[in-house]
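Asker: Attaching a single structure in C-alpha coordinates format; questions to follow.
The values are calculated or read from the model by the stated rules, or taken from the named source; none is laboratory data. Just so you know, these numbers come straight off a predicted model, no measurement behind them. Here the Cβ positions follow ideal geometry from the backbone for every residue, glycine too, while neighbour counts run over all protein chains shown. For accessibility, only protein heavy atoms count, side chains too; no ligands or nucleic acids. Shrake-Rupley method; radii C 1.70, N 1.55, O 1.52, S 1.80 Å.
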Amino acid sequence: MLFKKRYLYYSLILLLLFGLSGNAVFASDPIIDSIDEYLVKEESYFKKGTVTVRDFVDTNAEVMMSEDETESVKVKALYISYTEQRDSFFHFTNREIYYYDLDNNELLPSSSVVLNDDLKAFIDTHRDELNRSITGPSLFLILFFLFSFIIVGPLLTMVFHRPSSER
(Lines give C-alpha, C1' and ligand atoms only; values in the text may rest on other atoms or scores of the structure.)
Protein backbone atom coordinates (compact mmCIF):
# COMPACT_ATOMS: atom_id res chain seq x y z
CA MET A 1 0.00 0.00 0.00
CA LEU A 2 2.81 2.41 0.91
CA PHE A 3 4.55 1.48 -2.32
CA LYS A 4 1.49 2.52 -4.40
CA LYS A 5 1.09 5.81 -2.53
CA ARG A 6 4.71 6.73 -3.18
CA TYR A 7 4.33 6.18 -6.93
CA LEU A 8 1.05 8.04 -6.88
CA TYR A 9 2.77 11.06 -5.26
CA TYR A 10 5.68 10.89 -7.71
CA SER A 11 3.35 10.70 -10.69
CA LEU A 12 1.31 13.62 -9.34
CA ILE A 13 4.46 15.74 -8.93
CA LEU A 14 5.65 14.85 -12.44
CA LEU A 15 2.23 15.65 -13.84
CA LEU A 16 2.27 19.06 -12.15
CA LEU A 17 5.83 19.81 -13.26
CA PHE A 18 5.47 18.79 -16.88
CA GLY A 19 1.77 19.38 -17.34
CA LEU A 20 1.80 22.96 -16.15
CA SER A 21 4.98 23.89 -17.98
CA GLY A 22 3.37 23.47 -21.41
CA ASN A 23 3.05 26.23 -23.94
CA ALA A 24 0.64 28.87 -22.84
CA VAL A 25 -1.01 31.22 -25.27
CA PHE A 26 -1.16 34.84 -24.18
CA ALA A 27 -3.29 37.35 -26.00
CA SER A 28 -1.51 40.59 -26.69
CA ASP A 29 -3.09 43.82 -25.59
CA PRO A 30 -3.47 46.31 -28.48
CA ILE A 31 -2.99 49.27 -26.14
CA ILE A 32 0.34 48.01 -24.79
CA ASP A 33 1.39 46.97 -28.31
CA SER A 34 0.74 50.49 -29.64
CA ILE A 35 2.70 52.04 -26.76
CA ASP A 36 5.52 49.56 -27.44
CA GLU A 37 5.59 50.53 -31.12
CA TYR A 38 5.57 54.24 -30.29
CA LEU A 39 8.40 53.90 -27.78
CA VAL A 40 10.51 51.83 -30.17
CA LYS A 41 10.27 54.68 -32.69
CA GLU A 42 10.75 57.55 -30.22
CA GLU A 43 13.07 56.24 -27.50
CA SER A 44 16.39 54.91 -28.74
CA TYR A 45 17.18 53.10 -25.48
CA PHE A 46 13.72 51.60 -24.88
CA LYS A 47 13.79 47.95 -23.78
CA LYS A 48 10.98 46.27 -25.72
CA GLY A 49 8.39 44.39 -23.70
CA THR A 50 8.88 46.29 -20.45
CA VAL A 51 5.75 48.45 -20.57
CA THR A 52 3.71 47.98 -17.41
CA VAL A 53 0.36 49.64 -16.79
CA ARG A 54 0.33 50.94 -13.22
CA ASP A 55 -3.06 52.68 -13.26
CA PHE A 56 -5.69 53.76 -15.79
CA VAL A 57 -8.95 55.62 -16.08
CA ASP A 58 -11.62 55.52 -18.81
CA THR A 59 -13.48 58.69 -19.63
CA ASN A 60 -15.11 60.59 -22.45
CA ALA A 61 -12.91 63.48 -23.53
CA GLU A 62 -12.61 66.01 -26.29
CA VAL A 63 -9.80 65.31 -28.76
CA MET A 64 -8.54 67.95 -31.18
CA MET A 65 -8.71 66.56 -34.72
CA SER A 66 -7.52 69.86 -36.24
CA GLU A 67 -7.04 73.40 -34.97
CA ASP A 68 -10.76 74.17 -35.24
CA GLU A 69 -12.37 70.74 -34.85
CA THR A 70 -12.74 68.65 -31.70
CA GLU A 71 -14.45 65.32 -31.32
CA SER A 72 -15.75 63.56 -28.22
CA VAL A 73 -14.25 60.08 -27.92
CA LYS A 74 -13.81 57.46 -25.24
CA VAL A 75 -10.25 57.85 -23.92
CA LYS A 76 -8.22 55.59 -21.67
CA ALA A 77 -5.55 57.47 -19.73
CA LEU A 78 -2.73 55.12 -18.74
CA TYR A 79 -0.07 55.66 -16.11
CA ILE A 80 2.73 53.38 -17.31
CA SER A 81 6.30 52.52 -16.51
CA TYR A 82 8.92 51.16 -18.87
CA THR A 83 12.63 50.45 -18.81
CA GLU A 84 15.46 52.10 -20.71
CA GLN A 85 18.65 50.11 -21.11
CA ARG A 86 21.93 51.86 -21.81
CA ASP A 87 25.10 49.93 -22.57
CA SER A 88 23.42 46.78 -21.14
CA PHE A 89 24.62 47.83 -17.67
CA PHE A 90 22.54 50.83 -16.76
CA HIS A 91 18.77 50.56 -16.51
CA PHE A 92 16.38 53.44 -15.94
CA THR A 93 12.68 53.25 -15.09
CA ASN A 94 10.50 55.89 -16.72
CA ARG A 95 6.95 56.67 -15.59
CA GLU A 96 4.64 58.57 -17.93
CA ILE A 97 0.99 59.11 -18.82
CA TYR A 98 -0.33 58.14 -22.25
CA TYR A 99 -3.75 58.52 -23.82
CA TYR A 100 -5.44 55.89 -25.97
CA ASP A 101 -8.51 56.45 -28.15
CA LEU A 102 -10.79 53.46 -27.52
CA ASP A 103 -13.15 54.37 -30.38
CA ASN A 104 -10.47 54.51 -33.11
CA ASN A 105 -7.95 52.17 -31.42
CA GLU A 106 -5.00 54.51 -31.65
CA LEU A 107 -2.53 56.20 -29.35
CA LEU A 108 -3.21 59.91 -28.93
CA PRO A 109 -0.62 62.64 -28.60
CA SER A 110 -0.86 64.42 -25.26
CA SER A 111 -1.26 67.78 -26.95
CA SER A 112 -4.46 66.73 -28.74
CA VAL A 113 -6.37 65.68 -25.60
CA VAL A 114 -8.47 68.38 -23.95
CA LEU A 115 -8.32 67.68 -20.23
CA ASN A 116 -11.59 67.23 -18.40
CA ASP A 117 -12.11 66.87 -14.63
CA ASP A 118 -11.46 63.10 -14.63
CA LEU A 119 -8.20 63.45 -16.55
CA LYS A 120 -7.05 66.37 -14.40
CA ALA A 121 -7.72 64.34 -11.25
CA PHE A 122 -5.86 61.36 -12.74
CA ILE A 123 -2.85 63.53 -13.62
CA ASP A 124 -2.88 65.19 -10.19
CA THR A 125 -2.92 61.75 -8.55
CA HIS A 126 0.25 60.70 -10.36
CA ARG A 127 2.00 64.07 -10.75
CA ASP A 128 4.67 63.31 -8.14
CA GLU A 129 5.37 59.88 -9.61
CA LEU A 130 6.08 61.02 -13.19
CA ASN A 131 9.84 60.75 -13.31
CA ARG A 132 12.83 58.84 -14.51
CA SER A 133 14.88 56.93 -11.98
CA ILE A 134 17.84 54.62 -12.08
CA THR A 135 17.29 51.07 -10.91
CA GLY A 136 18.98 49.76 -7.76
CA PRO A 137 21.55 47.43 -9.36
CA SER A 138 22.60 50.13 -11.84
CA LEU A 139 23.01 52.66 -9.04
CA PHE A 140 25.12 50.16 -7.10
CA LEU A 141 27.31 49.63 -10.18
CA ILE A 142 27.87 53.38 -10.63
CA LEU A 143 28.70 53.87 -6.95
CA PHE A 144 31.04 50.87 -7.04
CA PHE A 145 32.94 52.37 -10.00
CA LEU A 146 33.13 55.79 -8.36
CA PHE A 147 34.34 54.53 -5.01
CA SER A 148 36.79 52.11 -6.59
CA PHE A 149 38.41 54.94 -8.58
CA ILE A 150 38.45 57.23 -5.56
CA ILE A 151 39.92 54.62 -3.21
CA VAL A 152 41.90 52.28 -5.49
CA GLY A 153 43.69 55.07 -7.39
CA PRO A 154 45.37 56.62 -4.35
CA LEU A 155 46.09 53.16 -2.87
CA LEU A 156 47.88 52.09 -6.04
CA THR A 157 49.81 55.34 -6.04
CA MET A 158 50.90 54.74 -2.45
CA VAL A 159 51.91 51.13 -3.13
CA PHE A 160 53.87 51.77 -6.31
CA HIS A 161 55.33 55.14 -5.38
CA ARG A 162 59.07 55.00 -5.10
CA PRO A 163 60.80 57.54 -2.96
CA SER A 164 63.33 59.64 -4.78
CA SER A 165 66.91 58.71 -4.12
CA GLU A 166 69.01 61.14 -2.16
CA ARG A 167 72.56 61.88 -3.32
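Asker: Determine the relative contact order of segment 80-167: mean sequence separation of Cα pairs under 8 Å and six or more apart, normalised by residue count, in whole percent.
Answerer: Across segment 80-167, relative contact order equals 27 percent.
Asker: Could you list the GluC sites (Glu not before Pro) in segment 59-167 that lie in coil according to DSSP, counting only those with at most 11 other Cβ atoms within 10 Å of their Cβ?
Answerer: When the GluC sites (Glu not before Pro) of segment 59-167 are filtered for loop state and at most 11 Cβ neighbours within 10 Å, 67, 69, 166 remain.
Asker: Membrane-span-like helices in the chain: DSSP H runs reaching 24 Å or more (Cα, own axis), mean Kyte hydropathy at least -0.5?
Answerer: Those that clear 24 Å and a mean of -0.5 are 2-19, 136-160.
Asker: Using a Gaussian network model of the chain with C-alpha springs under 10 Å, which one of 107, 78, 146 is most mobile by mean-square fluctuation?
Answerer: In this elastic network of the chain, the residue with the biggest mean-square fluctuation among 107, 78, 146 is 146.
Asker: Something else about it: Express the carbon and sulfur contribution to the solvent-accessible surface of the chain as a percent, rounded to the nearest whole number, probe 1.4 angstrom. Can you show the working numbers first?
Answerer: Numbers: 7500 of 12690 Å².
Exposed carbon and sulfur together represent 59 percent of the surface.
Asker: Roll a 1.4 Å probe over the protein chains and send me the accessible area per residue for segment 108-167 in Å². Spell out each step's value before the answer.
Answerer: Numbers: 5050 Å² over 60 residues.
It amounts to 84 Å² per residue over segment 108-167.
Asker: DSSP loop (so not H, G, I, E, B), at most 13 other Cβ within 10 Å: list which trypsin sites (Lys or Arg not before Pro) in segment 109-141 pass both filters.
Answerer: Loop-located and lightly packed - none at all.
Asker: Please identify, among 142, 80, 35, the residue showing maximal mean-square fluctuation in a Gaussian network model of the chain using a 10 angstrom Cα cutoff.
Answerer: Taking springs between Cα atoms under 10 Å, the residue moving most is 142.
Asker: Still on this structure, I have one more. Provide, as a two-decimal number, the C-alpha radius of gyration of the chain over 2.2 N^0.38 Å, N being how many residues it has.
Answerer: Working: Rg = 27.2 Å, N = 167, 2.2 N^0.38 = 15.4 Å.
Compactness ratio reported: 1.77.
Asker: If each of residue 118 and residue 72 carries a label point 7 Å out from its Cα toward its Cβ, how far apart are those two points in nm?
Answerer: Each label point lies 7 Å from its Cα, and together they span 1.2 nm.
Asker: Can you list, largest first and rounded to whole Å, the semi-axes you get for segment 24-69 by taking the square root of 5 times each eigenvalue of its Cα gyration tensor?
Answerer: Numbers: eigenvalues 133, 58, 22 Å².
After diagonalising the Cα gyration tensor, the semi-axes are 26, 17, 10 Å.
Asker: May I ask you to list the trypsin sites (Lys or Arg not before Pro) in segment 31-72 that are in a DSSP loop and have at most 14 other Cβ atoms within 10 Å of their Cβ?
Answerer: In loop regions of segment 31-72 (DSSP not H, G, I, E or B), the sparsely surrounded trypsin sites (Lys or Arg not before Pro) are 48.
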